[in-house]
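Colleague: I am attaching a structure below and will ask some questions about it afterwards.
The values are calculated or read from the model by the stated rules, or taken from the named source; none is laboratory data. Since this is a predicted model, take the numbers as computed values, not measurements. Because the Cβ atoms are built from the backbone with ideal geometry, glycine has one as well, and the counts that use them run over all protein chains shown.
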Amino acid sequence: MSDLETFRSETAAWLEANCPPEMRQPMVDESDACWGGRNATFKPGQKEWLDIMAAKGWTVPDWPKEYGGGGLSRAEAKILGQEMARLKCRSPLSSFGIWMLGPALLHFGTEEQKKHFLPPIARGEIRWCQGYSEPGSGSDLASLQTSAVDQGDHFLVNGQKIWTSYADKADWIFCLTRTDKNEKHKGITFMLFDMASEGVSTKPIVLISGQSAFCETFFDDVKVPKEYGEGVSSVVYEVNKGWDVAKYLLGHERSMISGGGSEGSTSLGAKFADQYGRDEMGRLDDPMLRAQMAEMDIDVLAFRAMAERFGDTFKAGLCHPAQPNMMKYAGTEINKRRHELIMSAGGSEVLEWESEASNGGLTARGWLRTKANSIEGGTSEVMLNVVSKQILHLPGA
Amino acid sequence: MPLFLNEDQQMLHDSAAEFMKGEAPVAHLREFRDKQCKDGFSHALWKQFSEMGFTGILIGEEEGGLGLGHVEAGVVLEEVGRNLTPSPFLTTAVAGVEALNAGGKPLRERYFPGILSGDTVLALAVDEGPKHRPDQISMAATREGNGFKLDGKKQFVVQGGSADMLIVAARTSGSVGDDKGLTLFAVDANAQGLSKDSARLVDSAMAAHMQFDGVLVDADAVIGEVDEGDAVLRRLLNAGRSGAAAETLGVGAGAMDITVDYIKGRSQFGTLIGSFQALQHRISHLYSEMEIARATVLKAQQMLDEGSSKAEMMVSVAKAKAGKATALSVKEGVQMHGGVGMTDEYDIGLYMKRDRALQEFMGDVNYHTNLVAEMHGY
C-alpha cells in the first residue's frame, strides 16, 4: 500500500473507533453545529468529539502542528475529509476562527500572534466574530467609519457594526477600524479584541426567517490594548494596512459561503421521488419537477467538481486571486435555487411555520435564510463587478 | 489526483494549442468550407495529427500508441474546439479507438496502424433518428453463414462518407430497449449493400445517412462479444461524450475570449461597451459557468481514467454542463457582437454553428439530464 492508502485505512479505523454515535447522525439545522467558546453549550457527544479531534489537531487538519493543527498535507487532509464524509462524521467544530481569522493570521500574523491566538481556536476555546459591515458601509465596505484613536498604550474604539454573525455569543472580535480619516483603503486597521471589554454591546437582528444569527454591535469608548503580552500585538499586519488583511480574508469568507452550493450529498430527486410518488417506470411522478431536480443534481455535482478544483489550485498557488469571488457568486446562487426547489417540492406542508410536524418551520426558515447568501460577504453583483475587473480586465465605466 | 493538469498534461496542452493555432485556426475551417470539400476536413492535417502523436493517445504503448487517457484526449479536443478545427479526431482516435480497445486483438492489429499513421478514418454509426437514442437501436444483424447480415438505417454518421471503416451498433437478439442483445461491428466502408448519402451540416462538417441492405460481415468483424455489445457501446459512448464535452468546452471558451476582446475594443456613446455593467455582469456570469464546466469535464475524464464506477454519471453531468455553458457563450457572443455578430466575416457565428452540432452529438443537454435522473434512481 502507498503511504496515502495506509493513511486512509488508519484514518477510517480511528474515526470508526473514536467518533461518538451521536456525531454520526445528520445535522438537522444550524443549532446542531458545535461552535465551542467560553460559554459553549454542548449537545450529547459534541464535547467528547471536539476534544478528541482537537487532541489530534484534526479540527484544523492542515494547520501546522505548533499552532494546534494536524500538520497534514493537502492530500492527507482531503482523505480525512472524504473518510469523515463517508462515515458520516460531523465536523467537530464550526468556527469563524478556523474559517476566517486563522487563515489571515497564518498569512499576516507574527510568530507571537500565531502562538497566542491559534491554539485556542483549534481547541474550540475561544469563539470569534467578524466586525466588518456598518450601517453605512455594506457593498462599499472600505467607507467604514468605526474609529480607533491611538492613546499611547491603547486604542479608543467608537462606532457601530452590523450583520455581525453571532456577536452575542462570541468571545472575541476581529474588527476593521478607521485609523486615518484622510485615507480610504489606506486608513483601515485590522484589530483583535475581547467582546467582554467595557463599552461593547450587542443587539440581535430578527430576520425574515424569524431567526437572529446576526447582531448590531456597538462600541462606546472601548479600550483596546496595543499588546496582549510580549510581542502579541492587537493589530494584525500593520496600522493602516488592514484592508490588505480584509481582502485576503474576504477570499476565505467568500469561498466558505460558496460551500453552500455543494451542500447536500444526496440527490434531491432521489429523496423526493419516494415521498412524491413514482410512475410505472419508477420515475418521479411529476415530469416538470423531475426535470428541475435533475438540472439541480447536475449543477450541484458540477459545482462540487468546481469546489474541488478551486481547493486544489488554491493550495498549489495556481488559482487566480479573484477566483473566490466567482466561487461565492456561483455557490450562493445554486444554493438559493436549491432551496426554492425544496420549497416547491414540499408544497403546502413546508409553508408551516410553527408546528411540530414542520419542526418549527425548519424548511421554510432554511429557505429564507439562503436569501442572505448572495448578500452577506459581498453581494452577487459586487462579485460580478470584481470578476469583470480583476479577471476579465474589462474597462471601467 | 489534484483537479488540474499535471506537468506532462500541461506540456501536451501547450503543444496542442500551438499546433492548432498555427496549423488549423478558424481560417482553416473557412478554407475547407469555401472550397466545398467533400470530406469536410483535410487529410494532410490528419497526417499532421498523427505526426504530433495525437492519434495514438488512447492506443496502448505496446501497440505503438502513447498509452495515455481521457484527460489527454480532452486536452487536444479542447484546442480542436477552440479553433473549430475540422478533423476525425473525436470519432476515430477517441470514441473509435476506445471501442476497439474493448474488442479483440485482431481488429486492433488491423486498424490501429492506419490510425497511428493518420491514414485511416473511422465513423460511428449509432444514431437511427434525429435524436441520440442508443437504447432504441433497432438495426437488425441476423446470422448468415459464418457471419451476419445487416439491415436498417443509420444517420448523423459524422464523416461517414470519408471513413474507411464504420463502427455499427446493431441488434443480434432480444428486442428494442433490452440491455442485452446488441452487437458492435467493424464494417468496411465499401461493403456491398451499403449506400451513403452525405450532407453538409450547419457547421460545415459532413455527415451521412446510411442504408444497410443485406450488408454481409464476417464473424471477425464483431467488436467484443456477440449480444454483449452494450459493454463496448458504453465505452465508445463514455469516450465520445467526455470527448465531445471537452471539444464543446473549447468552443465555449473560444467564443467567450473573442467576445471579451470585442467588447474591450468596440466604442459606442463615446465609451467602450465593455465598461457597461449590463454587459459586464452577463459575461462574468458566463465566465463562472465556463469555469464550472471546465472543472466538471476534467473531473469526468479523471474518473474515466481511474475506472471509477461513478464515471458514467459524471460524463453525463459534464456533457450537460459543458453544453449549457457553451450554448450560453455562443448566444451571448453573437448578441454582444451586435450587427457584426450576424455577419459571415466575423468568427463568432461559426462558434454558434459548431456548438449546435456538438449539442446533438451523443446526446444533448436534455438527454443527459434525463440520464442523470435515471442514474439517481428517479
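One line per residue, one yes/no per condition, for (1) touching a residue at least 12 places away in the same chain (Cβ under 8 Å); (2) exposed (fewer than 15 other Cβ atoms within 10 Å of the Cβ):
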| site | (1), (2) |
| --- | --- |
| A:D3 | no, yes |
| A:A12 | yes, no |
| A:P26 | yes, yes |
| A:N39 | yes, yes |
| A:G45 | yes, no |
| A:E66 | yes, yes |
| A:G69 | yes, no |
| A:R90 | yes, no |
| A:M100 | yes, no |
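Colleague: Being more than 10 Å from every other protein chain (Cβ to nearest Cβ), more than 19 Å from B:G69 (Cα to Cα) and surrounded by fewer than 24 Cβ atoms within 10 Å (Cβ to Cβ) is the filter here; which residues of segment B:291-329 pass it?
Modeller: Matches in segment B:291-329: B:A327, B:L328.
Colleague: Please state which one of B:S175, B:S195 is small (G, A, S) and either within 27 Å of B:D34 (Cβ to Cβ) or in a loop (DSSP other than H, G, I, E, B) (or both).
Modeller: Details: B:S195 fails: either within 27 Å of B:D34 (Cβ to Cβ) or in a loop (DSSP other than H, G, I, E, B) (or both).
The match here is B:S175.
Colleague: Against the condition of a type in the set (S, T, Y) and more than 22 Å from A:V245 (Cα to Cα), how does A:S95 come out, does it pass?
Modeller: On the way: of a type in the set (S, T, Y): yes; more than 22 Å from A:V245 (Cα to Cα): no.
In short, no.
Colleague: May I ask you to list pairs of residues, at least six apart or on different chains, whose Cβ atoms are under 6 Å apart, with the first in segment A:283-311 being more than 7 Å from chain B (Cβ to nearest Cβ) and the second being of a type in the set (S, T, N, Q)?
Modeller: The qualifying pairs are A:R304/A:S262; A:A307/A:S262.
Colleague: Scan segment A:312-326 for residues that are facing chain B (nearest Cβ under 7 Å) and either charged (D, E, K, R) or outside any loop (DSSP other than H, G, I, E, B) (or both) and jot them down.
Modeller: If we filter segment A:312-326 for residues that are facing chain B (nearest Cβ under 7 Å), which is where we start, we get A:312-313, A:316, A:318, A:326.
Of everything in segment A:312-326, those that are facing chain B (nearest Cβ under 7 Å) and either charged (D, E, K, R) or outside any loop (DSSP other than H, G, I, E, B) (or both) turn out to be A:D312, A:T313, A:M326.
Colleague: Please go through (1) assigned to a loop (DSSP other than H, G, I, E, B); (2) in contact with a Ser or Thr (Cβ under 9 Å, 6 or more places away or on another chain); (3) at pLDDT 95 or above for B:G74 and return the number of the only condition it doesn't satisfy.
Modeller: Condition not satisfied by B:G74: (1).
Colleague: So if I check each of B:I258, B:I283, B:I273, which one is within 8 Å of chain A (Cβ to nearest Cβ) and over 18 Å from the mean Cα position of the chain (by Cα)? Steps first, answer last, please.
Modeller: Details: B:I258 fails: within 8 Å of chain A (Cβ to nearest Cβ); B:I273 fails: within 8 Å of chain A (Cβ to nearest Cβ).
Just a single option satisfies the conditions, and that option is B:I283.
Colleague: I need the full set of residues from segment B:369-378 which are at the interface with another protein chain (Cβ under 8 Å from one of its Cβ atoms), surrounded by 20 or more Cβ atoms within 10 Å (Cβ to Cβ) and not in a loop (DSSP other than H, G, I, E, B), in order please.
Modeller: B:T369, B:V372, B:A373, listed by residue number.
Colleague: Give segment B:301-315 a look and list any residue that's touching a Ser or Thr at 6+ places or on another chain (Cβ under 8 Å) and closer than 17 Å to A:V300 by Cα, or say none.
Modeller: The answer is B:M314, B:V315.
Colleague: Here's another thing I want to ask about it. Hey, B:R234 hits all of (1) over 19 Å from the mean Cα position of the chain (by Cα); (2) closer than 26 Å to B:I137 by Cα; (3) part of a helix (DSSP H, G or I) but one; which does it fall short on?
Modeller: (1)
Colleague: Of the residues that make up segment B:23-31, is at least one outside any helix (DSSP H, G or I), within 19 Å of the chain's Cα centre (by Cα) and at pLDDT 95 or above? Talk me through it step by step, then tell me what you get.
Modeller: First pass over segment B:23-31, keeping only residues outside any helix (DSSP H, G or I): B:24-25.
When the remaining residues are screened for being within 19 Å of the chain's Cα centre (by Cα), the result is B:24-25.
Imposing the further condition that a residue be at pLDDT 95 or above reduces the set to B:24-25.
The answer is yes; a qualifying residue exists.
Colleague: Which residue out of B:M362, B:M352, B:M342 is surrounded by fewer than 24 Cβ atoms within 10 Å (Cβ to Cβ) and closer than 27 Å to A:I334 by Cβ? I'd like the intermediate steps shown before the answer.
Modeller: Working: B:M362 fails: surrounded by fewer than 24 Cβ atoms within 10 Å (Cβ to Cβ); B:M342 fails: closer than 27 Å to A:I334 by Cβ.
Answer to the check: B:M352.
Colleague: List pairs: first in segment A:377-393 and more than 8 Å from chain B (Cβ to nearest Cβ), second surrounded by 19 or more Cβ atoms within 10 Å (Cβ to Cβ) and acidic (D, E), Cβ under 6 Å, 6+ apart or cross-chain?
Modeller: If the second residue must be surrounded by 19 or more Cβ atoms within 10 Å (Cβ to Cβ) and acidic (D, E), the pairs left are A:G377/A:E253.
Colleague: Hey, can you tell me all the residues within segment B:189-237 that are crowded, with 16+ Cβ neighbours inside 10 Å, acidic (D, E) and touching a strand residue (DSSP E or B) at 6+ places or on another chain (Cβ under 9 Å)?
Modeller: B:D227, B:E228, B:D230
Colleague: Here's another thing I want to ask about it. Buried (at least 18 other Cβ atoms within 10 Å of the Cβ) and assigned to a helix (DSSP H, G or I), is that true of B:A99? Break it down into steps so the answer makes sense when it comes.
Modeller: Numbers: buried (at least 18 other Cβ atoms within 10 Å of the Cβ): yes; assigned to a helix (DSSP H, G or I): yes.
Criteria met by B:A99.
Colleague: Given the criterion within 14 Å of another protein chain (Cβ to nearest Cβ) and either under 27 Å from B:D127 (Cα atoms) or under 15 Å from the mean Cα position of the chain (by Cα) (or both), identify the matching residue among B:V97, B:V75, B:V71, B:V80. Can you show your working first?
Modeller: Working: B:V97 fails: within 14 Å of another protein chain (Cβ to nearest Cβ); B:V75 fails: within 14 Å of another protein chain (Cβ to nearest Cβ); B:V80 fails: within 14 Å of another protein chain (Cβ to nearest Cβ).
Selected residue: B:V71, the only one of B:V97, B:V75, B:V71, B:V80 that is within 14 Å of another protein chain (Cβ to nearest Cβ) and either under 27 Å from B:D127 (Cα atoms) or under 15 Å from the mean Cα position of the chain (by Cα) (or both).
Colleague: While we're here: Would you point out which residue out of B:R200, B:R282 is in contact (Cβ under 8 Å) with a residue 12 or more places away in the chain and either among the β-branched types (V, I, T) or assigned by TED's automatic domain parsing to the domain that holds B:E360 (or both)?
Modeller: Of the residues listed, the single one that is in contact (Cβ under 8 Å) with a residue 12 or more places away in the chain and either among the β-branched types (V, I, T) or assigned by TED's automatic domain parsing to the domain that holds B:E360 (or both) is B:R282.
Colleague: B:G274 fails exactly one of the following numbered conditions: (1) buried (at least 22 other Cβ atoms within 10 Å of the Cβ); (2) touching a residue at least 24 places away in the same chain (Cβ under 8 Å); (3) not polar (S, T, N, Q). What is the number of that condition?
Modeller: All conditions pass for B:G274, except number (2).
Colleague: List the strands (runs of 3 or more DSSP E) inside segment A:134-234, counting only whole elements, that have at least 2 residues being under 24 Å from the mean Cα position of the chain (by Cα).
Modeller: On the way: elements: A:147-150, A:154-165, A:172-178, A:188-194, A:200-205, A:214-225.
Ranges flagged: A:154-165, A:172-178, A:188-194, A:200-205, A:214-225.
Colleague: Of the residues A:W49, A:W58, A:W63, which is among the aromatic types (F, W, Y) and assigned to a helix (DSSP H, G or I)? Talk me through it step by step, then tell me what you get.
Modeller: Details: A:W58 fails: assigned to a helix (DSSP H, G or I); A:W63 fails: assigned to a helix (DSSP H, G or I).
Exactly one of A:W49, A:W58, A:W63 is among the aromatic types (F, W, Y) and assigned to a helix (DSSP H, G or I), namely A:W49.
Colleague: Among the listed residues A:M296, A:M306, A:M343, A:M327, identify the single one that is assigned by TED's automatic domain parsing to the domain that holds A:E253, in contact with a Ser or Thr (Cβ under 9 Å, 6 or more places away or on another chain), within 30 Å of B:A295 (Cα to Cα) and surrounded by fewer than 17 Cβ atoms within 10 Å (Cβ to Cβ).
Modeller: On the way: A:M296 fails: surrounded by fewer than 17 Cβ atoms within 10 Å (Cβ to Cβ); A:M306 fails: surrounded by fewer than 17 Cβ atoms within 10 Å (Cβ to Cβ); A:M327 fails: surrounded by fewer than 17 Cβ atoms within 10 Å (Cβ to Cβ).
Of A:M296, A:M306, A:M343, A:M327, the one residue that is assigned by TED's automatic domain parsing to the domain that holds A:E253, in contact with a Ser or Thr (Cβ under 9 Å, 6 or more places away or on another chain), within 30 Å of B:A295 (Cα to Cα) and surrounded by fewer than 17 Cβ atoms within 10 Å (Cβ to Cβ) is A:M343.
Colleague: In segment A:129-141, is there at least one residue being modelled with pLDDT of 95 or more and over 26 Å from A:Q211 (Cβ atoms)?
Modeller: no
Colleague: Would you mind finding the one in B:T142, B:T120, B:T85 that is touching a Pro at 6+ places or on another chain (Cβ under 9 Å) and surrounded by fewer than 24 Cβ atoms within 10 Å (Cβ to Cβ)? Show your work before the answer.
Modeller: Details: B:T142 fails: touching a Pro at 6+ places or on another chain (Cβ under 9 Å); B:T85 fails: surrounded by fewer than 24 Cβ atoms within 10 Å (Cβ to Cβ).
Checking each option against the conditions leaves just B:T120.
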